[in-house]
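The values are calculated or read from the model by the stated rules, or taken from the named source; none is laboratory data. On a predicted model such as this, the values are computed, not experimentally measured, just so you know. Because the Cβ atoms are built from the backbone with ideal geometry, glycine has one as well, and the counts that use them run over all protein chains shown.
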Amino acid sequence: MFLPVCRKDLEERGIDQLDFVFVSGDAYVDHPSFAAALLGRLLESRGYTVGILCQPDWKSAESFKVLGQPRLAFLVTSGAMDSMVSNYTANNKPRSEDSYSHGSEKGHRPDRAVIQYVAKIREAYKGANVIIGGIEASLRRTAHYDYWSNTVKHSVLLDSKADLLIYGMGEKALLEIASQLSKGIPARKIRGVRGTCWFTGKKDEVPSDAVVLPSFEDVSKNTKESKEKFALSYKIQEENTDAINGSVLAEPSESRFVIQEKASFPLSQAEFDSIYELPFERKWHPMYDVAASNGKKGIPALSEVKFSLTSCRGCFGACSFCAITFHQGRRIQSRSHESLLSEAKKMTQDSDFKGYIHDVGGPTANFRHPACQKQLKAGVCKNRHCIGSEICPNLDTSHEDYQQLLREIRSLPGVKKVFVRSGLRYDYVLADHNKKFVEELCQYHVSGQLKVAPEHVVKHVTDLMGKADIHAFLKFKGWFDEANRKLGKKQYLVPYFMSSHPGCTLNDAIALAEFLRDMHMQPEQVQDFIPTPGSLSTAMYYTGMNPLTGEAVYVARRPEEKQMQRALMQYKNPANYDIVYKALCLAGRRDLIGFGPKCLIAPRSVRKERGRQQHPVSGHHAWRSPGRSKQRRAGRGKK
């Protein structure tokens, strides 16, 4: 049985008033990969009644009255993604689809959904408790740079006029809040709950042990000094994301203070397991079985996760462009083998199951245990990362548990194949010196292609990205190719590269193009850097400096230069000829224009004929990939 979505559902179940109403920018899919369903089922398991108001018409307050005013609170989320990332490309152009909507139709989620939804709830029910959460609220919980308006904005808690904000993975915080609301405490008066942000206009209510961040006024001016303050604020926040050694933070914002409580403690394995035992339907709601106006049915986002297993949360990977640290934290939480095997067995009983489990992973597939034992008592290190451009000597690199887990799942009756698709951190594999893992991976868990993310080839760029240098990718490629030769398989690595990341100059982009030339790679899809809230790379983009070191960082801001960097990764595409030609001339690299083996493009005089001849070299893999998710490091990212 699905959670209630309309008055008829309430009447059939004899519910006069719900305890909670989730308002979500996503369509309703009753699956643990969708936050409203997961948290709704969790609350339901504790005796609360919960309804789902999915993708209401944000232009009308009446659409927010469908389920009535809840007894305890409205719970508001933009959905699985920040609404601006969902609605716009890196070039700030409207996206043509929304995979979290009925039939992929766009237009069902407003820009800045959290703010829009809260405003309409206030219009419909002035006295209601309103609590915001999810990725949009979590990553915008303090003053943040907003790429789409090119401004620094207030905490979304203040801009939305909500009562309380839950950041991170909200299970523990939400249950504690529900308990306090049940005792009659208004949401705006709730204090001291880990994983929440609240605000006050009274200075004497600011916790005495709080670390005070630079004020909104200090970080929001478009001056060098203000950007230095913004960088300092980011650094302090990054150092205080851990539940054990993090501090309460206070951000002055005009006449108010936004208080960020310490992070929630990670779920225990038993708690993590129990969530996935809740009675999910694991389907989209039947209302989506009919065709949308574009003729398509269902919710496409479900297809990516319906037959996938979430084995872990958190990530110690330190990718600068990824906001997982700010949302899920650096400490790994993992489910037990028993829980995952139980879920896999249930999948085999689904009439749609064809024998293939699409993924076993999380933000990073092969992170299954804490980076080191010290983290369990002292928390994560504030001044160093576990892995990235360098690897900590204390890092536990064992793949034994993950390897055994994959063996057990693929041995289940009814399971033909178990794939690994959610991102394999290959430098972590190399650090384990475990070629046997790579051999088993190639033999049993690759479906012709394995996606990995070196992101760039120039060391100072990969250092800023928090990624291993390109030599690690080449070493892993050697292992991968060797394993496939032994197995007699033709399988390929699909490397992801990113253009226009802070620190990447036009010459660096040309170096990447030369690498692709030498490796006979021609990526069909490329990723532009998008400065999303909450990441180190976004702080670099806005400030022009590395907040962790204070060093200046080059930033490609002009649309034309960003277009050049992107086009250089697909220099063989005839549509990119003119912009690649211009980029090479601008960089003084006319040596790459001609007919020699090292040239990227032909001279202008013969480009038409040469363009007709250009195609992937016979015998070389075309390096196809279906592309990556729009905000991949906030959920289940490629590493």
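Quick notes on this structure:
- When region 506-521 is filtered for residues that are farther than 23 Å from Cys322 by Cβ and in contact with a Leu (Cβ under 7 Å, 6 or more places away or on another chain), the ones remaining, listed by number, are Leu506, Ile510, Ala513, Arg517.
- Test: residue in region 94-106 that is assigned to a loop (DSSP other than H, G, I, E, B), of a type in the set (Gly, Ala, Ser) and under 21 Å from Asp159 (Cα atoms): no
- For region 513-525, the set of residues classified as free of Cβ contacts under 8 Å to residues at least 40 places away in the same chain and not in a loop (DSSP other than H, G, I, E, B) consists of Asp518 only.
- Extreme residue, farthest from the chain's Cα centre (by Cα), among residues of region 119-129 that are surrounded by fewer than 24 Cβ atoms within 10 Å (Cβ to Cβ) and of a type in the set (A, V, I, L, M, F, W, C): Ala124
- Residues satisfying the stated conditions in region 365-400, i.e. under 25 Å from the mean Cα position of the chain (by Cα) and assigned to a helix (DSSP H, G or I): Gln375, Leu376
- The set of residues from region 554-609 being assigned to a helix (DSSP H, G or I), in contact with a Cys (Cβ under 8 Å, 6 or more places away or on another chain) and closer than 18 Å to Gly503 by Cα comprises just one member, Gln565.
- Restricted to helices (runs of 4 or more DSSP H) entirely inside region 166-241, those with at least 2 residues that are more than 28 Å from Ser320 (Cβ to Cβ) are 171-182.
- Selection of first residues in region 105-122 that are closer than 22 Å to Ala301 by Cα and of second residues that are in a helix (DSSP H, G or I) and of a type in the set (D, E, K, R), restricted to Cβ pairs under 6 Å at least 6 apart or on distinct chains, gives the following pairs, ordered by first then second residue: Val114/Glu136.
- Across region 271-294, the number of residues qualifying as under 30 Å from Glu338 (Cα atoms) and without any contact (Cβ under 8 Å) to a residue 40 or more places away in the chain comes to 1.
- Members of region 3-55 that are of a type in the set (S, T, N, Q) and either within 15 Å of Arg71 (Cβ to Cβ) or surrounded by fewer than 20 Cβ atoms within 10 Å (Cβ to Cβ) (or both): Gln17, Ser33, Ser45, Thr49
- Filtered residue count, region 56-93, keeping only those that are within 21 Å of the chain's Cα centre (by Cα), under 20 Å from Leu38 (Cβ atoms) and either assigned to a loop (DSSP other than H, G, I, E, B) or of a type in the set (Asp, Glu) (or both): 5
- Close pairs (8 angstrom Cβ cut-off, 6 or more residues apart or separate chains): closer than 25 Å to His471 by Cα in region 390-409, of a type in the set (A, V, I, L, M) and outside any loop (DSSP other than H, G, I, E, B) anywhere: Ile391/Ala431; Leu395/Ala431; Thr397/Ala431; His399/Val429
- Taken over region 309-354, the residue count meeting the criterion of being closer than 27 Å to Asp82 by Cβ and among the polar types (S, T, N, Q) is 7.
- Looking only at residues of region 131-157 that are surrounded by fewer than 24 Cβ atoms within 10 Å (Cβ to Cβ) and of a type in the set (Val, Ile, Thr), we find that the one that is nearest to Ala173 (Cα to Cα) is Val152.
- Qualifying residue in region 455-465 (condition: among the hydroxyl-bearing types (Ser, Thr, Tyr) and under 22 Å from Glu304 (Cα atoms)): no
- Only one of the numbered conditions (1) touching an Asp or Glu at 6+ places or on another chain (Cβ under 9 Å); (2) crowded, with 16+ Cβ neighbours inside 10 Å; (3) outside any loop (DSSP other than H, G, I, E, B) is violated by Arg407, and that is (2).
- Residues of region 213-226 classified as more than 15 Å from Lys153 (Cβ to Cβ) and charged (D, E, K, R), total: 2
For every residue, the table says whether it meets (1) without any contact (Cβ under 8 Å) to a residue 12 or more places away in the chain; (2) surrounded by 14 or more Cβ atoms within 10 Å (Cβ to Cβ); (3) not β-branched (Val, Ile, Thr).
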residue: Met545; (1), (2), (3): no, yes, yes
residue: Ala556; (1), (2), (3): no, yes, yes
residue: Pro559; (1), (2), (3): no, no, yes
residue: Asn573; (1), (2), (3): yes, yes, yes
residue: Ile593; (1), (2), (3): no, yes, no
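- Residue within region 431-454 that is among the aromatic types (Phe, Trp, Tyr), out of contact with any His (no Cβ under 6 Å at 6 or more places or on another chain) and touching a residue at least 60 places away in the same chain (Cβ under 8 Å) present: no
- Hits in region 554-585 (condition: of a type in the set (A, V, I, L, M, F, W, C) and under 21 Å from Phe515 (Cβ atoms)): Ala556, Met564, Ala567, Leu568, Met569, Ile579, Val580, Ala583, Leu584, Cys585
- Contact map, region 147-168: residues that are at positive phi paired with residues that are part of a loop (DSSP other than H, G, I, E, B) and surrounded by 15 or more Cβ atoms within 10 Å (Cβ to Cβ), Cβ distance under 7 Å, separation 6+ or inter-chain. Pairs shown: Gly168/Gly195; Gly168/Ala263; Gly168/Ser264; Gly168/Gln328; Gly168/Gly329.
- Qualifying residue in region 371-394 (condition: under 16 Å from Ser334 (Cα atoms), in the same structural domain as Arg421 (by TED's automatic domain parsing) and among the hydroxyl-bearing types (Ser, Thr, Tyr)): no
- Extreme residue, farthest from the chain's Cα centre (by Cα), among residues of region 423-477 that are within 21 Å of Phe316 (Cα to Cα) and among the acidic types (Asp, Glu): Asp432
- Criterion violated by Ser351 - all others in (1) polar (S, T, N, Q); (2) in contact (Cβ under 8 Å) with a residue 24 or more places away in the chain; (3) not in a helix (DSSP H, G or I) satisfied: (2)
- In region 334-378, of all residues being touching a helix residue (DSSP H, G or I) at 6+ places or on another chain (Cβ under 7 Å) and of a type in the set (Gly, Ala, Ser), the one that is surrounded by the fewest Cβ atoms within 10 Å (Cβ to Cβ) corresponds to Ser336.
- Any chance Gly414 is touching a residue at least 40 places away in the same chain (Cβ under 8 Å), of a type outside the set (S, T, N, Q), surrounded by 15 or more Cβ atoms within 10 Å (Cβ to Cβ) and in a loop (DSSP other than H, G, I, E, B): no
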